[in-house]
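The values are calculated or read from the model by the stated rules, or taken from the named source; none is laboratory data. Remember, it's a predicted structure, so these values are computed and weren't measured experimentally. All Cβ positions, glycine included, derive from the backbone under ideal geometry; neighbour counts span all protein chains shown.
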Amino acid sequence: RWIPDGSVYTVWKGLVELGLGDSGTLEIEDVVSCPGTDSCKLGITSSMGLNRAIADRVREMVVTDPLTRRILINASGCPNSCGQHHIANIGFHGAAIKSGERQVPAYHVFVGGNRRPGADLELGTLLKVRLPAKRVPDAVERLVRLYEAERADGEEFNAFFERAGKVHFEDALRDLTLPPEFSLDTMNEFIDWERDRIYVLERGEGECAV
């Protein structure tokens, strides 16, 4: 928008060099998030790190089904929804859960929102689950595979969620919700995405309008 016709190719080349020229807008690999703890002091979790982890997992899944490719995923580093998690087909917002004396970076899960242009805006439903951050890509894969395995012919993701029900989705994720006990074997789950130290919740003044 607002780019002179003669400059479009130059701008496109620049975007490609920055890694922003890939196709797939408004498709499942096009994960949207706010900066989270990368720059916002209201952030609870590294939503940008989670963004990249989910996108990597989705690419590994090699999703070719046209209906599945329409699923949109969003993540926010806190409940304020700068990442618009509340209007995604699958959305996450940052949280922290206790495990003994320590905290685990985690996410609440929303399902059934809709932010697709031209469609009616829909708010997602909050599931009664909280997932340690490092288990979220597993949760995404489970929900996608659940949809592919059990949907009716031509049934969109949100329609399947409405038919299958909230509890069915919660049950699919239940075993991922238990916080780990801290040990050398589980230490990675106490470290947020793209971080190198044990997670501690630290908050201050944010960069959103809240």
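Listed values, structure above:
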| quantity | calculated |
| --- | --- |
| Qualifying residue in the stretch 98-119 (condition: in a helix (DSSP H, G or I) and among the acidic types (Asp, Glu)) | no |
| Matching entry among 82, 34, 78 (being within 13 Å of residue 108 (Cα to Cα), hydrophobic (A, V, I, L, M, F, W, C) and touching a strand residue (DSSP E or B) at 6+ places or on another chain (Cβ under 9 Å)) | 78 |
| Residue satisfying all of: in the stretch 82-97; without any contact (Cβ under 8 Å) to a residue 40 or more places away in the chain and not in a strand (DSSP E or B); surrounded by the most Cβ atoms within 10 Å (Cβ to Cβ) among these | 85 |
| Test for residue 127: is it modelled with pLDDT of 95 or more and part of a strand (DSSP E or B) | yes |
| Residues that are surrounded by fewer than 17 Cβ atoms within 10 Å (Cβ to Cβ), in a loop (DSSP other than H, G, I, E, B) and either of a type outside the set (Asp, Glu) or at pLDDT below 95 (or both), drawn from the stretch 148-188 | 152, 154, 165, 178, 181, 182, 183, 184, 185, 186 |
| Which listed residue, of 83, 43, 49, is touching a Phe, Trp or Tyr at 6+ places or on another chain (Cβ under 6 Å) and over 26 Å from residue 149 (Cα atoms) | 49 |
| Residues being buried (at least 24 other Cβ atoms within 10 Å of the Cβ) and either over 20 Å from residue 108 (Cβ atoms) or touching a Cys at 6+ places or on another chain (Cβ under 8 Å) (or both) - total across the stretch 59-74 | 0 |
